[in-house]
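Participant: The structure is given below, and queries will be raised subsequently.
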Amino acid sequence: MTKPQEFTIQVQSEDPKKKEKPEQKENEKAEGSSKLLKDVKTDGKGDDSEDLSEEDLQLRNELEMLVERLKESNTELYRPALETLRTLIRTSTSSMTSVPKPLKFLRPHYPDLQALYETWPGSEDKSLFADILSVLAMTYSDTQPRGTLRYRLLSASLRPKDSPLADPGTWGHEYVRHLAAELGEEFTIREQETVLASPVTGDAADDKNTKLPGTVDDLRSLAKDCAVFLLSHNAEPDAVDLLEELEIVDEIASLVDENTYGRVCQYMIRCVNLLPPPDDISFLRTAHTIYVQHHKFPEALALAIKLGDPDLIREDFNAPGNPLMKRQLAFLLARAQIPLEWLNPAPSEDTDADADVEDQEELPEDLLECLSNNRLSTHFREFGKELGVLEAKSLEDVYKSHLENTRPGASANVDSARGNLAGTFVNAFVNAGFGNDKLMVEADEGNSWIYKNKDHGMMSAAASLGLSLLWDTDVGLSHVDKYTYSAEEHIKAGALFATGILNSGVRTEADAALALLGEYTENKSVSLKTSAIMGLGLAYAGSHREDLLPFLLPHVADDSVSMEIASLAALALGFIFVGSENGEVTGTILQTLMEKAERTDKSLDEKWAKFMVLGLGLLYLGLQDASDATIETLKAIDHPISKTAQIVVEACSFAGTGNVLKVQAMLHHCDEHIDNSSKDKPKEKDEKKEGNKDKEEAKDENKEEETKKDDTFQAFAVLAVALIAMGEDIGAEMSLRQFNHLMHYGEPIIRKCVPLAIGLVSTSNPQLPILDTLSKYSHDNDLQVALNAIFAMGLVGAGTNNARLAQMLRQLAGYYYKEPDCLFMVRIAQGLVHMGKGTIGLNPFFSDRNIMSRPAVAGLLATLTAFTDAKSFVLDKYHWMLYFLVTAMYPRFLITLDEDLNNIPVTVRVGQAVDVVGQAGKPRTISGFQTHQTPVRLGTTERSELATEEFIPFAHVLEGFVILQKNPGWEKEDKMEL
């Protein structure tokens, strides 16, 4: 794995200056010319005196007289002269574009005043003189860099301790901005000096004035003064940027007040995606501190979840005293699937475990209900009823095959079992969560859809019951129960899997999934065992529950079990402990990989190995640098799987961060042409790299021909680009362009994964350019590319009912009527597009697309991993892997609740979200809105706001469950009597 250091090329913030001829420099110095003021060369009272108005002439004469006074020997006159100068400069008003008059007239005298300044003895007068020179230096900033800052610091150093210098803001806004820019430059130069331990050379060094007085602390305290001024004058972004340049951004918490904190935090949060690693965390923590200071608990909790810090989450959850606010926070935690254990105080060392269990029962009943998502199912069904989609949809309603343009008389050789299998998934996805579909739940005992499938098809059919009854733990278990006694092993396995699916994302007191599935993890039958293992993985995704380890961990390390069981157990552990960096699980998986590699065990070459590796990666999901040690350990494993593992772990660690260096590293892995034939293919791919070619050579040297080089790692490198970039819009858009290049020049394995990566970047967010691209790929000559493109179309449109996409899929169904595999995929995609009849999305980001749900990403990644080799998994007998998507499925609704958590209809406006960070005033945050009554469906890029001020929401983002409280100050507008 290429180390990130190799990429850190120092880039200067300005272009290097051109070398000028010496005489040119002399002329410029003599003139002291400035870009602003080429026109002013008044040495005497030359020709342009007639251009000046009478007032200006008078002002100029006065200024010149004051300058003369300073040159005289009478020290008594210095002070009044300086005071008058200062007053004249401060009171001169001018338009924004022109230079203030006093500065214009004093400019020619600046060199003389500088020389004069050097002759004065240190005194308070000299300090005042330096202060004035500091302002005049603004007009010379291009020939004498950082003069403003230099004189400002000198002035401060000459002052006695008890009378500090006046605030820089008294000289006006332009002066403060000038000072801020020079502070940043000076700090950077000092940083470089400390790094290189030698002075910086170049233009800056020739100038004798560059060595500025004052320590770094002086610079920082001056920066804080400037920041205070900027904050009070609506320039919050400038204040944040200045403190960030001086590396003291955490100090802004003490400078903000209730008028500025909101804008400061918004700006800081938007910056996070664009910052390199240590800074992004410090920005989030600073914003979190500010929100807590101002008692904005939902915002603070959202940031704590984004940071994934259990202590902060617990503090924020326990901070508010208002029970309604606590419930609102509980809904937010439930949406993020935060382990309940994080909310309990950490067990102290001396108490024994039993005492600890009793302590944990402190959360009141109503909060537990919100935290465990128990009412999700009932609310979701009521929401469906409001939207008029409660009725179950049949397969024909989804396929609309009468609109497909198949040629008459062309008999499609559809394998009916294959068609029925596709029907199983479509029915499950479309009617997910409503629990009333005709094929499974409502079907008569002997007439169930299960019996229309063969062998392994029966398993997926039985499991689809879990998806239909999603989140409905009570009714669901009784429905599934009857199939657990079936004599047919596949049906029984499906029923176990269904138990896991329907418990996904909700918690119950009964803990039914563990009770029902635990014993089957030791079963002799492979299908029952894998179902139970994966069922536990889905049911407890993201719960970090230690009590599940004994059921799963032994299978990972057990050499006697097949790679299939070991890998699925590792994957289930990855789901459960997603982003937990659990040492026990990590250690076991690494140990197993190492031992197998040492024994040159064939099982590492099996198709299943990638799932074991993914299980390891998921443990580090979103943890950034925490995975370094694991990656180093993986490098020691002498087997091709090691490279895949390094990529997967690194990609998971930086998921959703938009880290540019990591994306570049991943693109480098795609760059290798692994050539299994004797002649080398041309390296066309380098055209698209923006300057990362130099690291190529190192890789080419060790490309000796082997029997057949393993290229799985490239598949994951492509997915990694999408996984890292998907967090923020700019990165996602840039990645699409890279995918386009990879599609043109990549090896087959890369081309096969590009559509999947596109699907991951914009899940449930169908934008036209993406749909067109995927539509093009879905007719590719390579059927594997086409197949993955069709699935990606399903992902991109998941739960959107997008009519254009539905039409494309119908055309594909006609186009591929003779290709059973592709037709099967088209049907699945149609099911995904109409998921939950358009109410359930798969996008892993929520809360205004600010927080990434880790279990959701885990589910998407596991499904895409199965599609990197679709022939062996989804199209073989492991089609049940499509159900991995269940952890990412969540209703896209806004439901407003009153104080007793009952539905309350209010008017809201729903429109496209607009980014208003850093804009002046209070611009609208949504555009093109429509007004609806809640409950209402929200698209991925949509945002909602209350239409009236009748209610005050407890949540900061109107999405999911929002508790409202009546606004005591609100009065209905009086309707005028006609």
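The values are calculated or read from the model by the stated rules, or taken from the named source; none is laboratory data. As the structure is a computational prediction, the values presented were derived from the model and not from experiment. Don't worry about glycine lacking a Cβ; one is built from the backbone with ideal geometry, like all the others, and counts go over all protein chains shown. To get the accessible areas, we keep the full protein, side chains included, count just its heavy atoms, and leave off ligands, DNA and RNA. Shrake-Rupley method; radii C 1.70, N 1.55, O 1.52, S 1.80 Å.
Participant: Expressed as a whole number of Å, what is the distance separating the alpha-carbon centroids of segment 752-807 and segment 903-960?
Facilitator: If you average the Cα positions of each part, the centres end up 29 Å apart.
Participant: What is the spin-label model distance, in nm, from D511 to E83 if the labels are put 7 Å beyond Cα along the C-beta direction?
Facilitator: Modelled inter-label distance: 8.1 nm.
Participant: Sticking with this one: For segment 786-845, report the translational diffusion coefficient in µm²/s to the nearest whole number, using Stokes-Einstein at 10 °C, 1.306 mPa s, and a Kirkwood Rh over Cα pairs.
Facilitator: Answer, rounded: 142 µm²/s.
Participant: Next question. Quote the FRET efficiency, to the nearest 0.05, computed for V660 versus V914 with a Förster distance R0 of 22 Å and r equal to the Cβ-Cβ distance.
Facilitator: 0.30
Participant: Could you give the accessible area per residue of segment 783-928, probe 1.4 Å, as a whole number in Å²?
Facilitator: For segment 783-928, the solvent-accessible area averages 27 Å² per residue.
Participant: Could I ask something else about it? What is the set of long-range amide H partners of G939 at a cut-off below 5 Å, with H atoms built 1.01 Å from backbone N?
Facilitator: Amide H to amide H, under 5 Å and 5 or more residues apart or across chains, G939 pairs with nothing.
Participant: Give the distance, in whole Å, between the Cα centre of segment 620-659 and the Cα centre of segment 96-127.
Facilitator: The two parts, judged by their Cα centres, are 59 Å apart.
Participant: Please compute the modelled spin-label separation between R545 and D605, points set 7 Å along Cα→Cβ, answer in nm with one decimal.
Facilitator: The modelled label-to-label distance comes out at 4.0 nm.
Participant: Please compute the length gained on full extension between A487 and E519, using 0.36 nm multiplied by the number of residues separating them and subtracting their Cα-Cα distance.
Facilitator: Result for the pair: 9.7 nm of gain on full extension.
Participant: Moving to a separate point now. Need one number: nm distance between label points at T188 and K818, each 7 Å from Cα along Cα→Cβ, rounded to one decimal.
Facilitator: 6.4
Participant: Students often check this: by mean Cβ neighbours within 10 Å, which of 320-331, 531-542, 911-922 ranks highest, and how do the rest follow?
Facilitator: 531-542, 320-331, 911-922
Participant: Please find the FRET efficiency linking N436 to E365, where r is the Cβ-Cβ separation and R0 is fixed at 35 Å, and quote it to the nearest 0.05.
Facilitator: Between N436 and E365 the formula returns 0.75.
Participant: Now for a separate question. Between helix 563-576 and the chain, what is the angle of the helix's C-alpha long axis to the longest principal axis, kept within 0 to 90° and rounded to the nearest 10?
Facilitator: 50
Participant: Right, something else. Using helices alone, I'd like the mean residue ellipticity at 222 nm for the chain: each DSSP H run of four-plus residues gives -39500 (n - 2.57), total over residue count, nearest 500.
Facilitator: When only DSSP H runs of four or more count, the value is -16000 deg cm²/dmol.
Participant: Please determine, in degrees from 0 to 90 and to the nearest 10, the orientation of helix 376-387 with respect to the longest principal axis defined by the Cα atoms of the chain, where the helix direction is its Cα long axis.
Facilitator: The angle comes out near 90 degrees.
Participant: If you don't mind, there's one more thing I want to ask. How much net charge surrounds K607 when only other residues with a Cβ under 11 Å from its Cβ are counted (Lys, Arg +1; Asp, Glu -1)?
Facilitator: -3
Participant: Sort 55-62, 236-243 by packing, meaning the average of other beta carbons within 10 Å per residue, with the highest value first.
Facilitator: Per-residue mean Cβ counts within 10 Å order the peptides as 236-243, 55-62.
Participant: If one computes the Cα centroid of segment 554-575 and of segment 475-517, what distance in Å separates the two points?
Facilitator: 21
Participant: Under the definition of Cα pairs under 8 Å and six or more residues apart, what whole-number percent is the relative contact order of segment 233-283?
Facilitator: That works out to 36 percent.
Participant: Where Lys and Arg each count +1 and Asp and Glu each count -1, what net charge lies around V506 among other residues with Cβ under 13 Å from its Cβ?
Facilitator: Charge balance in the 13 Å sphere: -2.
Participant: In the P(r) worked out for the chain, what percent of Cα pairs fall beyond 59 Å?
Facilitator: For the chain, the fraction of Cα-Cα distances above 59 Å is 22 percent.
Participant: If you line up the long axis of helix 110-119 against the longest principal axis of the chain, both from Cα atoms, how many degrees apart are they, to the nearest 10?
Facilitator: Taking the Cα atoms of the chain, the angle to 110-119 is about 70 degrees.
Participant: Zone of T925 (label point 7 Å along Cα→Cβ, backbone N under 11 Å): which residues in segment 260-301?
Facilitator: Residues 266, 299 qualify, since their backbone N sits under 11 Å from the label point.
Participant: Calculate, in nm to one decimal, what H295 and K454 gain on full extension: separation in residues at 0.36 nm each, minus their alpha carbon distance.
Facilitator: Going from the current span to full extension adds 51.3 nm.
Participant: Ok, one more. Would you work out the relative contact order for the chain, in percent, from Cα pairs under 8 angstrom that are 6 or more residues apart?
Facilitator: That works out to 8 percent.
Participant: Run the accessible area of the chain with a 1.4 Å probe and give the carbon-and-sulfur part as a rounded percent.
Facilitator: About 50 percent, which is the carbon plus sulfur part of the accessible surface.
Participant: As a test of reading the structure, rank K524, K818 by solvent-accessible area (1.4 Å probe, protein chains only), most first.
Facilitator: K524, K818
Participant: Sorted by average packing, counted as other Cβ atoms within 10 angstrom per residue and highest first, what order do 787-798, 464-475, 69-80 take?
Facilitator: The densest-packed peptide leads the list: 787-798, 464-475, 69-80.
Participant: If R₀ is 51 angstrom, what is the calculated FRET efficiency for the pair E595 and A197, using the beta carbon separation as r and rounding to 0.05?
Facilitator: Efficiency computed from Cβ-Cβ geometry: 0.60.
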